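The structure under discussion appears below in the form of structure tokens.
Please treat every number below as a calculation from the coordinates, not as lab data. Given the structure is predicted, the values throughout are model-derived calculations rather than measurements. When we count neighbours, we look across all protein chains shown, and the Cβ atoms used for this are built from the backbone with ideal geometry, even at glycine.
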Amino acid sequence: MGVVGGALASRVLTRLSPNGEGGLAQGIPKAYQNRSKMEVLLGPTIWDDIRGKTVVDFGCGPGIEVVEMAQHGARHVIGLDRKQQWLDEAVELARRHGVADRCTFAHTWDGRSRADVILSLDAFEHFADPAAILRVFHEILHPGGSVIVSFGPTWYHPYGGHLYSISPYAHFLFTEKALVNWRSTLPGRSVARSFRETGLNQMTVRRFERLIEASPFKFASFEAVPIRKLRWAANRMMREFTTSVVRCRLVPRNGN
């Protein structure tokens, strides 16, 4: 996919974004600034869903949501992340906010108990093997529990290229090779050969639905939230191009 490549793409990309900034490649989205990301994505009733429960934040990053859930009454919150830097920051954040006794941070699930709720925010478009992640969720989750998922923008969104989205539909205008090569030349970036190697799995709405159909889970609820300015055009045929965020609740298919 993409039509502009080679030396021309390199020159244009470098001119447009010499430091890799612009679009979704830059900073914290305005929608989350000075606001609770969980409330923005899931609504204020999310606190009712986690109060008094054991929650796993799968891909917790620096622990902001873990701390927030502990502050809103979760019995215990386990933040899981692959990056040690994030875990170190999360431990310190929980200590500063006085909830360290109800927060645990680790690379992997310890398997000693099961969670009532699993939270996955802005992660399903980045998992290298999302089907395997769903199997892990099933192992972690209590039979009567649920998985709360929100992710986006999806692949056909104007900024669905995420860190490559220096402008709308840049991930469709430029070839994958050109974008990856350009990103690899930026300071502090490692060399990569594909979108997947930089943590982008090109997740579409339909692909996510198929993943769930083939998984141990079923949808208790599902919503393809439209781009606000394109809400008028949002329908089943145009869904891939008008969806901003997917949010849903998953429950075990067979109740176990």
Between the stretch 98-112 and the stretch 119-138, the alpha-carbon center distance in angstrom: 19
Amide H contacts of Tyr159 (H built 1.01 Å from N, under 5 Å, at least 5 apart or other chain): Tyr169
Charge-dipole axis of the chain as Lys and Arg at +1 and Asp and Glu at -1 on Cβ define it, positive-most pick from Gln85, Phe137, Ala220: Ala220
The stretch 158-167 - phi-based ³J(HN,Hα) in whole Hz, Karplus 6.51/-1.76/1.60, Gly and Pro as x: x, 10, x, x, 6, 5, 8, 7, 6, 7
Value at 222 nm in deg cm²/dmol, rounded to 500, when DSSP H runs of n ≥ 4 in the chain each add -39,500 (n - 2.57): -8500 deg cm²/dmol
Spatially near lysine pairs across the stretch 6-252, Cα under 27 Å, sequence gap of 8 or more or different chains: 9
Per-pair calculated FRET efficiency, R0 = 45 Å: Leu186 and Asp110 via Cβ, rounded to 0.05: 0.75
Where labels lie 7 Å past Cα in the beta-carbon direction, separation of Glu223 and Thr45 in nm: 0.9
Residues whose placed amide H lies under 5 Å from that of Val245, excluding near-sequence neighbours: Val225
Note, ³J(HN,Hα) from phi for the stretch 240-248, Karplus 6.51, -1.76, 1.60, rounded to Hz, x at Gly and Pro: 4, 8, 10, 7, 9, 9, 9, 9, 7
Separation of the Ala233 and Val12 label points, Cα + 7 Å toward Cβ, nm: 2.1
